Amino acid sequence: MTPLLQVEGLEVGYETGGGVFRRGGAGVRAVAGVDLALNAGEVLALVGESGCGKTTVARALVGLLRPSAGRIRFAGRDVEALGRDDRLAWRRAVQMVFQDPFDSLNPRKTALATLAQPLRIHRIVPRAELRREAARLLDRVGLSPGAAYLNRYPHQFSGGQRQRICIARAIAVRPQVIVADEPVSALDVSIRAQILTLFQELSRDLGLATIFITHDLTVVRSLSDRVAVMYLGRIVEEGPTDAVFALPRHPYTAALLAASPIPDPVLARRLLRRPLGGDVPSPADPPGGCAFHPRCAHAAAICGTQRPVPQPQPGGGMSACHFAADAPQWARPHDRILEEVS
Ligand SMILES: Nc1ncnc2c1ncn2[C@@H]1O[C@H](COP(=O)(O)OP(=O)(O)OP(=O)(O)O)[C@@H](O)[C@H]1O
Ligand SMILES: [Mg+2]
């Protein structure tokens, strides 16, 4: 089966001045060679510490940033080689939901105007039906009756309602993929679950494939079919969510899981956590060999000199660790940690 969206050797850099750098230019390699595949209807979580390049990958996937190297394929076709119409179709098929719903809505546009724009550009419905379609979309994302919200401006909505409008805007053009970049982290804790449920319902009902970027491993576990773990511009582990949580095959994943907050505060206090030591190195000056080796408790000499190539793993995933085969010895599966403390 051809993946719906596929990334091969993706590199994206920023000029140190701020712009996106050209091939061969100097700057920060924020994404240093990423391979990913997303199948139709699948939910893929993308995790990793701040600054590892998640947003940069997301923006390249939806065409907001131009890769400096590598390929993005949509339905098997290199998006760089698409003609004008096919390019428009790709941009329509892959929609993004951003972290901050306030920043991503125009304060001078009503909900109707916000939704009518993509509907018009992509000719989703005839002009005469724009209003009805916009109301239907608002209903679909839980703002009902939709018609009652059409003439309101962003400041007249709560944060959660604004994110619902952003989601309505994304699904307005009948996409096949949603790339959601920490879509609930700017929201009140009390409404995060509602928005997550909405994402789940939409993926299920509309058959949407989703790339879900999050720091919250509890969300990863409940929402995603597969998880990809990024470190300093590269995917270090990828695999079926259950398999990765049961036995992480990269020390970085193991450390992330061990350091992840346990929802129950009593458990969390009793849990002897081994948080990740040290800071994330700068992507402008990444360590040689395995980029994680300076912080890795299991690093050996080879880790400082040779970059590990991702290798298929028994659980059906990939790990870029020289010692992935030793994972059963060093990984503390999340389940076992929870068992020990409960
Ligand atoms: N416009 C920019 N100009 C220069 N460097 C940038 C720019 N945007 C991001 N970077 C750098 O690129 C790297 C990756 O950033 P990115 O925003 O993709 O990370 P992230 O994983 O999304 O982090 P977070 O979890 O904090 O959102 C970081 O080192 C960041 O400082
Ligand atoms: Mg980000």
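The values are calculated or read from the model by the stated rules, or taken from the named source; none is laboratory data. Predicted, not measured: the structure shown is a model, and the values here were computed from it. Backbone-built Cβ (ideal geometry, glycine too); neighbour counts: all protein chains shown. Please note that ligands, DNA and RNA were not included when accessible areas were found on the heavy atoms of the full protein model with its side chains. Shrake-Rupley method; radii C 1.70, N 1.55, O 1.52, S 1.80 Å.
Summary of computed values
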{"read-out": "All helices (runs of 4 or more DSSP H) inside the range 150-268 with 3 or more residues being in the same structural domain as ALA299 (by TED's automatic domain parsing) and within 16 Å of ligand 1 (Cβ to nearest atom)", "value": "251-259"}
{"read-out": "Among the residues listed as ALA147, ALA168, the single one being modelled with pLDDT of 95 or more, aliphatic (A, V, I, L, M) and open to solvent by 10 Å² or more (accessible area, probe 1.4 Å)", "value": "ALA147"}
{"read-out": "Breaking point among (1) under 27 Å from the mean Cα position of the chain (by Cα); (2) surrounded by fewer than 15 Cβ atoms within 10 Å (Cβ to Cβ); (3) modelled with pLDDT of 95 or more, for ILE121", "value": "(3)"}
{"read-out": "From the options ALA246, ALA228, ALA186, ALA193, residue that is at negative phi, surrounded by fewer than 21 Cβ atoms within 10 Å (Cβ to Cβ), of a type in the set (A, V, I, L, M) and within 16 Å of ligand 2 (Cβ to nearest atom)", "value": "ALA186"}
{"read-out": "Filtered residue count, the range 289-321, keeping only those that are of a type in the set (Ser, Thr, Tyr) and open to solvent by 60 Å² or more (accessible area, probe 1.4 Å)", "value": "1"}
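Residue by residue, here is whether (1) part of a strand (DSSP E or B); (2) surrounded by 19 or more Cβ atoms within 10 Å (Cβ to Cβ) holds:
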| residue | (1), (2) |
| --- | --- |
| VAL31 | yes, yes |
| LEU46 | yes, yes |
| GLU80 | no, no |
| ASP86 | no, no |
| ARG91 | no, yes |
| MET96 | yes, yes |
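Condition check ((1) part of a loop (DSSP other than H, G, I, E, B); (2) within 16 Å of ligand 2 (Cβ to nearest atom); (3) at pLDDT 90 or above) across all residues:
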{"site": "GLU8", "(1), (2), (3)": "no, no, yes"}
{"site": "GLY25", "(1), (2), (3)": "yes, no, no"}
{"site": "ALA40", "(1), (2), (3)": "yes, no, yes"}
{"site": "GLY70", "(1), (2), (3)": "no, no, yes"}
